[in-house]
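Encoded as structure tokens, the structure appears first; notes follow it.
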């Protein structure tokens with residue numbers, strides 16, 4: 001890691017931390033203004049993180065996709081991109097930052113515990129499929145994170161309404177039915193991206209290893225994740241499940257995403273060898 | 001039979017299948033992956049936790065999914081998808097458009113003091129907003145549809161799933177996959193020398209030879225490219241030359257030749273005390289890892305060699321290692337055992353003979369060996385097709401949500417009432433918002449027209 005990259009990265013981490021405190025203040029003390037501050041601060045953190053990643057890209061000569069450190073950086077960046085898009089689409093969604101920013105910080109923290117040495121692209125990475133595979137993977141995982149966040153918001157809002165407590169913050173959120181639909185929509189979006197990622201990965205694997213599927217741990221966990229979210233979509237879209245149980249499912253299904261992401265590097269198999 | 005098909009094609013059954021599949025693969029994958037463990041780790045697990053080791057051996061995911069008990073599941077998935085999709089297509093094609101569902105609520109009601117709007121006007125306004133509107137017929141109803149291709153996205157996705165399942169079946173029954181270990185300069189007869197391969201049909205080469213292997217290393221330790229040059233003698237005896245590397249496989253007659261891995265292949269000449277050559281052999285060492293040793297035997301002599309290679313050897317005041325991965329100064333550290341006893345140990349530089357016991361050993365040459373994965377899979381094309389159908393179908397499904405809209409015009413002595421109602425297959429709250437905005441826009445436009453005409 002170069003000094004410039006480290007400077008910008010740690011600055012981004014501090015700014016994200018401030019952003020999270022602002023979000024938390026806004027939620028706990030029910031101050032709308034502090035949510036807005038949290039949003040602006042986190043956005044600034046995102047810009048600075050982007051600068052850090054840009055520096056790394058220039059130094060390494062390739063996008064930051066190798067090894068756990070770069071994967072963590074890229075993943076957290078993609079989650080922020082999706083958060084920005086969701087917030088631009090629905091301003092009331094900025095409250096979700098209180099859940100998203102800790103996830104971003106955890107991912108960056110996980111990455112900084114790994115070796116940040118800059119390496120040139122190893123031969124397996126030199127493929128056009130890399131771009132599609134990594135891009136769609138992070139879009140999918142980011143969408144599932146947002147979906148889980150929305151599920152949590154649903155539960156909190158529902159709890160507040162049941163207790164009859166007036167909470168101006170949760171009152172700003174869409175009604176429960178709309179939150180439900182929004183969660184399903186985002187998860188379907190993530191599912192499309194995950195399907196593309198798995199398919200592209202299989203095509204790439206065939207050219208790289210001579211087989212499109214080998215039950216490698218990462219491949220298997222990706223499939224489990226795909227099946228879990230496929231079940232979620234079927235339950236919501238065809239059986240008409242709604243409400244609290246769908247919110248819980250959206251949160252629990254994220255566990256598979258964490259295992260798949262976190263497994264890169266220690267679950268073993270060809271993915272780890274290549275990485 | 002009908003009841004069976006109804007149940008197989010039901011959504012509930014589809015969800016049961018998904019849940020069972022997730023559960024089985026998850027449970028299997030939570031066990032230690034003995035199939036990909038290092039030997040030492042596997043042996044430790046077997047020693048310290050024999051029950052877990054046995055369970056992991058028999059229930060490892062690669063084995064479970066090949067078991068006939070599991071393979072029933074994809075058969076049921078295929079049937080379920082087929083029955084459900086065909087039924088849904090028939091329902092969709094046979095659906096009568098335009099008929100207002102009896103329980104459809106009028107979600108918005110717009111009242112006007114006079115007759116200001118015609119059906120044709122409303123139909124035009126809806127078309128401007130992307131609605132597909134049937135020509136207004138007799139009666140006071142206008143019917144519009146939007147995003148109707150979305151349901152076909154679902155059909156496309158599910159058809160793609162079945163295509164993938166068929167592709168997997170074709171792969172499972174016809175694919176060939178094996179490994180060929182080539183050492184530089186040594187030809188091998190093919191396909192006989194390909195390990196693990198069965199059912200090879202018309203193989204493109206009678207013989208193959210690795211002419212050269214060049215690893216491109218930067219900053220002394222990072223490989224950035226591997227260049228293999230091979231030559232193959234085809235069935236007509238012609239020599240064909242190829243160059244390939246990682247992510248750039250060689251393709252010939254439907255077979256893919258993929259670079260797998262490589263390492264060093266030192267050549268040893270072992271002589272007895274009289275100087276007669278006992279063995280002149282090239283040993284394909286394991287993948288190079290600092291500190292890792294490989295071993296091999298010289299049959300007939302009962303000798304066992306344990307070899308550690310230092311491709312770019314250095315010795316700085318007793319501190320030894322390798323500066324780079326390139327063979328700039330190759331030295332071997334050799335342990336020689338006979339009958340379980342070490343009879344020789346030491347460093348063996350290139351082109352220097354070393355004596356031990358009744359032998360002399362010389363390291364004369366350093367070559368490379370390469371593992372080439374040989375693969376042919378007719379199912380891959382089918383799977384790629386299925387994947388595209390799945391992705392296209394999902395994309396359509398996500399982008400397009402079928403919505404239906406009715407505008408009912410009722411005229412009375414006070415004026416006119418427009419009743420707007422509709423339904424969406426997915427995301428009803430989003431559709432309610434869309435309908436609300438549509439009602440507002442129509443109301444505003446009609447009021448503007450009314451003012452202008454007055």
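Laboratory data are not the source of any read-out in this text; all were calculated from the coordinates shown. None of the values given here were measured: they were computed from a predicted structure. With ideal geometry, Cβ positions are generated from the backbone for all residues, glycine too; neighbour counts draw on all protein chains shown.
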Rounded to the nearest Å, the spacing of the alpha-carbon centers of the range B:265-312 and the range A:6-35 is 62
Everything considered on the Cα gyration tensor (a ≥ b ≥ c; rounded for a/c under 1.5, else prolate if a/b is larger than b/c, else oblate), the range B:152-263 must be described as oblate
Inter-part gap, Cα centre of the range B:341-383 to Cα centre of the range A:206-252, in whole angstrom, is 44
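Take the alpha carbon gyration tensor of the range B:226-347, find the square roots of its eigenvalues, order them as a ≥ b ≥ c, and report rounded if a/c is under 1.5; if not, report prolate when a/b exceeds b/c, else oblate.
On the way: a/c = 2.70, a/b = 1.56, b/c = 1.72.
It comes out oblate by the Cα gyration axes.
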Note on chain A: contact order normalised by length, alpha-carbon pairs under 8 Å, 6 or more apart, percent, works out to 18
Taking Cα atoms only, Rg over Rh for the range A:74-221 with Rh from the Kirkwood formula is 1.07
Counting every C-alpha pair in the protein assembly as shown, the percent lying more than 35 Å apart is 59
With label points set 7 Å from each Cα along the Cα-to-Cβ direction at residue B:12 and residue B:430, the distance between them in nm comes to 2.9
Between the alpha carbon centres of the range B:390-411 and the range B:149-170 the gap in Å comes to 21
Over all Cα pairs of the range B:141-195, the Kirkwood radius sets Rh, and Rg/Rh then becomes 1.52
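Please state the relative contact order of chain B as a whole percent: Cα pairs under 8 Å, 6+ residues apart? Could the numbers behind the result be given before it?
Details: 800 pairs, mean separation 88.9, N = 454.
Relative CO of chain B lands at 20 percent.
Among DSSP beta bridges whose residues both lie in the protein assembly as shown, state the antiparallel percentage, nearest 5.
On the way: 106 of 109 bridges.
Antiparallel: roughly 95 percent of the beta bridges in the protein assembly as shown.
Please find the FRET efficiency linking residue B:357 to residue B:315, where r is the Cβ-Cβ separation and R0 is fixed at 22 Å, and quote it to the nearest 0.05.
Working: r = 25 Å, r/R0 = 1.14.
So the FRET efficiency works out to roughly 0.30.
Relative contact order of the range A:1-122: what whole-number percent is it, with Cα pairs under 8 angstrom and at least 6 residues apart? Kindly include the intermediate steps, with their values, before the conclusion.
Values: 153 pairs, mean separation 38.5, N = 122.
Relative contact order of the range A:1-122: 32 percent.
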If one compares the long axis through the Cα atoms of helix A:3-28 with the longest principal axis of the Cα atoms of chain A, the angle in degrees, nearest 10, works out at 20
By the Cα gyration tensor axes a ≥ b ≥ c (a/c under 1.5 gives rounded; else a/b larger than b/c gives prolate, otherwise oblate), the shape of chain A is oblate
With the convex hull built on the alpha-carbon atoms of the range B:312-379, volume per residue in Å³ sits at 192
Note: residue A:32 to residue A:114 extended length (0.36 nm per residue) minus current alpha-carbon separation gives 25.8 nm
Length gained, residue B:127-residue B:219, 0.36 nm per residue minus C-alpha separation, equals 26.8 nm
Here D for chain B, in µm²/s, from Stokes-Einstein with a Kirkwood Rh over Cα pairs at 37 °C and 0.692 mPa s, works out to 111
The Cα extents of the range B:340-454 along the principal axes, largest first and rounded to whole Å, are 122, 31, 30
Given B:179-192, A:197-210, the highest-first ranking by average Cβ count within 10 Å works out to A:197-210, B:179-192
